[in-house]
Every structure is written in C-alpha cells, then in structure tokens.
Amino acid sequence: MTHDCSFLSDLDLSGEVSFGDSVRESHAADFGAEERGEGVVPDAVVWPESTADVAAVLPAADERGVPVTPYAAGTSLEGNAVPAHRGVSLDLSRMDAVLDVRPDDFQIDVEPGLLGAQVDEAVAEEGLFFPPLPSSGDISTVGGMIANDASGMKTVKYGEISDWVLALEVVLADGSVITTGSRAAKTSSGYNLTDLFVGSEGTLGVVTRATLELAGRPEQIRGARALFPSLDDAAEAVFDAVRSGVDVATIELVDADSARMANAYTGTDLPDVPMVFLEFHANHGVEREIEFCERLFADHDCQRFETAADDDAMDDLWRARKDLAYAIQLWDPDLTALHPGDVTVPISAYPEMVRFVKSLADDRDLLVPCFGHAGDGNLHYSVLVDEENDAEVERAHDLYAATVEKAIDLGGTATGEHGVGLGKREFLESEHGPESVEAMRRLKRAFDPRDTLNPGKIFPETVDGERVRLGESD
C-alpha cells in the first residue's frame, strides 16, 4: 500500500526530500534484489544530513504509521535495503564525514554514509587501517557494514565488523537519540547495546555515528596462491592450515568452475583447477609462516605454491579472486545467478560442506561455482540457471534450500555476512529455534513497537503481503 508522506515537506530538515519518480525508483532495490527483480518503489526518499534530521523524520513517520527503511550504497545482497512496505527510503549516503581520528587510541569516529575504503584512506598516514573491511569495502558504507555485521577476506585473523565497533550513536523509532558503548577498550557496564544494534539491519534503530577501532598496518605483507588437483584437496588443506595454527590473515577458496570464469574475465592463463589464495601479515618472521603453510599444503598434493611481496605482484596474484563476482555475473548472458549463497560452518565441517554443495550441483545438473572466506568456514556459491527453464529454476531453489539446511545441521549459520533481509527469513527458526526467535521479536517490539523501522526484514511478519504489527500474526 502507498503512504501519504507529504508531512516530510513540513519538517525543518537540513537535508533533502524527493517524491520524484526516477529518484524513488532508484531506491527500490539493493544489488541482490535488483538481480532477482524484487524491488519495491518507496513513496518518498529523504537524504538526512545530520542526526537531528534523522531524529525529526523517524517520530513523524512513526506517529503516522509510515515505514522507514535505511538505505545508503545499496550493495547488500539479501534485499536488506528494499522498502518492502514502501514508505520512506532514508538515504544516509550524505552523512559521510570523518568526525575525529585519535591515532594514539587507534580509533576513528565516522558517520554511517562513509565508504569503507575511505576509513583506511583517512588513517593511512598514521600507519593504521580498519581490518574487517569486506570485499565490497570500496563501494559499501560503514553504516551498511554495521547493519549486516559484515566481514571479509581478513576475518580469519581479525574478526568481523562487530569486533571493531566500540560505540554507536543511534536514533530510535520515536526519535530518541541514544549512545552505546564507550571509547574504552573494554567495558562490563550494563547491557551490551552496541552488539545488539550491530547486525540488526536497521530494524531497531538508525546508526548516525560510529566509533571504530583500528589496527597498526603490519610491516610484512605477503601474498600466495596454491593450486590443487581437486576441490577436496584444497578444502582439506584449508582446514589443516587453520587447525595447525598457521598465522594467516586471508585464506580464500576458489573451485575449478570459479577459476575458469575468473580466467575468462581477467584474461589470465591459470589452469582451471581449485585454488587457495592467501595473505600473511606480520611484523617479523613472515617467511617462516609461509614456509610452514607450504609444507602443510604439500601434504594435500598442492601442485604449485607461488608468493608475491610488492604491490603490483600482489595485485596480479589476487586478480582472479578479486574480480570473481563480476566474472560469474558475466560468464554466460543466458544464465542468471539465483540467490547469493552465504553459509558458514565450523572449520572442521568446511570440507564436508564444500563436498555437499558440489554433489548437489552434479545430482541436479546445475552450474554452481563455489568460493569464499574459507579460513572462517564461510562458503559463497552462485547457482546459475536459465530463468526461462522452470524445471531448472526449481532445482536451483531446492539446491539453495538444501545447502542452507545442511549448514545449519552442521552447527553453522544460514548467513555468515550478508544478513537475513528478505532472502533468509524462512531459515531463522531452523537455526535459532522458535523460542529464541520470539525473544528477538520481543526486542523488536521494545525498540520499535509500531514496526516502523525496516518492516518485513528478518521476521516474516506479513499476512497476504500486507504489513501487520509485530505480534498480531502470532
């Protein structure tokens, strides 16, 4: 249903309001929803330029029953930023300032619309960096990363976004502005509200300021790429390296299908075989760690192990992995990638998870390139199908669901870093149990009783496509 958003014109905002068709249509979908044709056009778009703007829009919308969906770069993959029930798309991309840098404390204060890569740029001269940046850090915002509790290639060493967020400023649905956490390295004071908002996908409040922790840039950075005769050998090598305590900052798996696609896209001439990409960080002794890893990989029939140190060589080494998302997308114009697979399992179960997905692909005669942040048990996969072939699409959906269910059965999760959004709602109870999900609903009711903030996400709180108040469908 549409909502009357004319009240926005009466608010005293420093930011901009638009009701234009083209502007609203540009905020109908994020990257994942656009690929699947799942966009919903909002009734209005607001670009706040301050916390005061956000604190003015939210209570006005809340009082009128108008949904508000936070938006920024639109790079999420599970429909997290889709205004599922129309209303207001709150575009935070103009709140993109670096507010303060405190190099002595290894901290930076930023607004949510700042791109992740700009955090690193702001502190580079201090010899610092923000370790948990996801692969999309060049095009995604800090606010989006916090909303999804994103993570990236370096998670195996440095952890995910939540491990590096010290404090937040958050505006609640009723316009209240609260702060969470502190600038101290640790605290045991009160409830950990910071971690509650991280990963909540904008359903509990809108982050308007974040204090992030930084790390010193390591003196030694080396890259490596290992080639294996089989995917099983590669997956087992990854598990062995992590289990044996190899101090690796990045360890990425690429299967033969992905390698073939990457070669075609980048023009490289690597063999179409499974590969593991690595990056090592240290202040001393990095060569010993690389030698240790190479010996372990040799036990798993590694065919080639090559390293690089300077920036140009590192870029050449990593190009096949970094360009993989585009390579898959452009592999065959007649095939479309359904669902961005994003399961994570305990590292001991990683080889089994990889075998399971490739076995399903063979059984269902589907092309399923697999890759991912293997060091923390994260497996990405894309199911490529001809959308005109209904039987093929149905097999793809079955594979996707079976893969998620297998990950949960192995003690893992339906989503390691993309969030629940619209795409993973059906798996929430399977993973957490109905009692835990109800506890989550209670938190949502406490912070947002009118279901104003990003309704329809995480919980499938809809009846026949209509928005309902939380609890009324119980």
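Any read-out appearing in this document is the output of simple, stated calculations on the displayed coordinates, not a laboratory observation. As the structure is a prediction and not an experimental result, all values here were calculated from the model. In this analysis, Cβ positions are derived from the backbone assuming ideal geometry, glycine residues included, and neighbour counts consider all displayed protein chains.
In table form, for the structure just shown:
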read-out: Order by protection proxy (mean Cβ within 10 Å, highest first), peptides 18-31, 63-76; value: 63-76, 18-31
read-out: Translational D in µm²/s for the range 220-327 (Stokes-Einstein at 20 °C, 1.002 mPa s, Kirkwood Rh from C-alpha pairs); value: 155
read-out: Whole-number percent relative contact order across the chain, with pairs defined as alpha carbons under 8 Å at least 6 apart; value: 15
read-out: By average C-beta atoms within 10 angstrom, highest first, the peptides 405-418, 81-94; value: 81-94, 405-418
read-out: Long-range HN-HN contacts of Glu16 with modeled amide H, under 5 Å; value: Trp47
read-out: With 10 Å bins from 0: P(r) over the chain, alpha-carbon pairs, percent; value: 4, 20, 29, 26, 16, 5, 0
read-out: Antiparallel DSSP beta bridges within the range 1-99, percent to nearest 5; value: 30
read-out: Fraction of antiparallel bridges per DSSP, the chain only, in percent to nearest 5; value: 90
read-out: Linear extension gain, Glu126 paired with Arg64, 0.36 nm per residue minus alpha-carbon span; value: 17.6 nm
read-out: Zone of Asp163's modelled label, taken as backbone nitrogen in the range 414-436 under 16 Å from a point 7 Å along Cα→Cβ; value: 416-417
read-out: Cα-Cα over 30 Å, subset of Lys358/Lys424; Lys157/Lys444; Lys322/Lys358; Lys358/Lys444; Lys154/Lys358; Lys322/Lys444; value: Lys157/Lys444; Lys358/Lys444; Lys322/Lys444
read-out: Pairwise label distance in nanometres, Met1 with Glu287, each label 7 Å out on the Cα-Cβ vector; value: 7.1
read-out: The range 316-468: relative contact order as a whole-number percent, Cα under 8 Å and 6+ apart; value: 22
read-out: HN-Hα J in Hz across the range 439-448 - Karplus 6.51, -1.76, 1.60, θ = phi - 60°, x for Gly and Pro; value: 4, 4, 4, 5, 5, 4, 5, 5, 7, 9
read-out: Segment Ala117-Ala185, length gained on full extension (0.36 nm per residue, minus Cα span); value: 22.1 nm
read-out: Burial ordering of Arg260, Arg295, fewest other beta-carbon atoms within 10 Å first; value: Arg295, Arg260
read-out: Unit Cα scatterers, Debye sum, the range 284-352: log10 I(q)/I(0) for q = 0.12, 0.19, 0.23, 0.25 Å⁻¹; value: -0.59, -1.11, -1.11, -1.11
